[in-house]
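Comments concern the structure below.
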Amino acid sequence: MEILFLILKILGIILALLLLMIIVFLSVPVRYGFNIKVQDEAEGKAVIHWLFHLVDIRVFYRQKDISFRLRILGIPISTDKEKPDKKKKEKSDNRKKKKSEESGDRETEEPFSEETGESFSEKTEVLSLPEEIQKDTNDSVRTEQTELLPDSDMLLSEETDTEEKKKQTRKGWSRKKGSRGKRKTGTSGAKKRFRGPGQRAEGVKTGAATVKEQIENIKNMILEETNQNAFRLLLGEFRYLLRHYSPKKVYGTVRFAMGNPDQTGKVLGAISLFPGWSRYRIVVTPDFASEVFYLKGNLTVKGHVRALHVLVSGFRMIKDKNIRQLITNLRG
């Protein structure tokens, strides 16, 4: 009994830890923030962390280079793989250079004898045979070559036999190809390949008819009441998630000029149309006097994301009948 109680206690502790982990994952938000500075060059920094920086991800953009930093439980985990690769390449190049230099030195050096103290090139001399022995050797070599070579008549007969065999094989192949070509070529193949203007027009008409049918099906699907209700619910859920996931703090200063006062005024009017300027502390100052385009400023954005909101909106969408009907229509 004591062993059973012990096993039950261990299982209960494991289940409690799993539940606690799930609750923490759903309730504790993932915080994000990024900062952008634009002066002479653009610089940026993005930070994503969770549970008091238990998991911390940082992305840096400086001098047109992107670098990453990852920390889990405060322990940095290296993600830069380019640096060691560069070091390995440099080491291999240095080794190759050393080997090439050593091989060049060895080629230039002459072999040297330790006993006499003279190089082998000085010691070696060309040995010359007497003329009578050279003549005897040349005559023996020529006689051997003549014995090994076959007769000219034998060679000619063999060549004629090989040529006749080749001619016979070529005739056989030409007969086979002719029979295959006669079987394949015919009026049916020519008719299939050739398409007149009537057949092309029929193909275009069928394609246009299929496109019209698809457009009508989409219209019918949109105009149905159940689908309209489903689209409204989806739009409401999107607004719900946007309200919770949109940045909570946005502040900074922006100064720009388009090089022409008319264009700068138009851009300022287009920026003022965007909603949300009252919520955020962003100061935009246009420069109408400058005749050169430039953009300078500093912008900071902060917010957080909870997984609980995604779970709630997903449960609502699955529960709704209209969305289920829309999914079945799309599958069909």
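Any read-out appearing in this document is the output of simple, stated calculations on the displayed coordinates, not a laboratory observation. Nothing here was measured: the structure is a model prediction, and the numbers come from that model. Please note: Cβ atoms are built from the backbone with ideal geometry, for glycine as well, and neighbour counts cover all protein chains shown.
Some values worked out for this structure:
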read-out	value
Förster radius 41 Å - calculated FRET efficiency between Lys9 and Val267, Cβ distance, rounded to 0.05	0.05
Cα-projected label distance for His53 with Glu41, points at 7 Å along beta-carbon direction, nm	2.7
Local net charge near Ser313, Cβ-Cβ under 15 Å (Lys/Arg +1, Asp/Glu -1)	+4
Relative exposure of Thr226, Thr328, Thr285, judged by other C-beta atoms within 10 Å (fewest first)	Thr328, Thr285, Thr226
Ranked list, fewest to most other Cβ atoms within 10 Å of each Cβ, for Ser278, Ser67, Ser313	Ser278, Ser67, Ser313
Ranked Met258, Met21, criterion: other C-beta atoms within 10 Å, fewest first	Met21, Met258
Residue-wise HN-Hα coupling along region 243-258, computed from phi with Karplus coefficients 6.51, -1.76, 1.60 (Hz; x: Gly, Pro)	5, 7, 9, 5, x, 8, 10, 9, 8, x, 10, 10, 10, 9, 8, 9
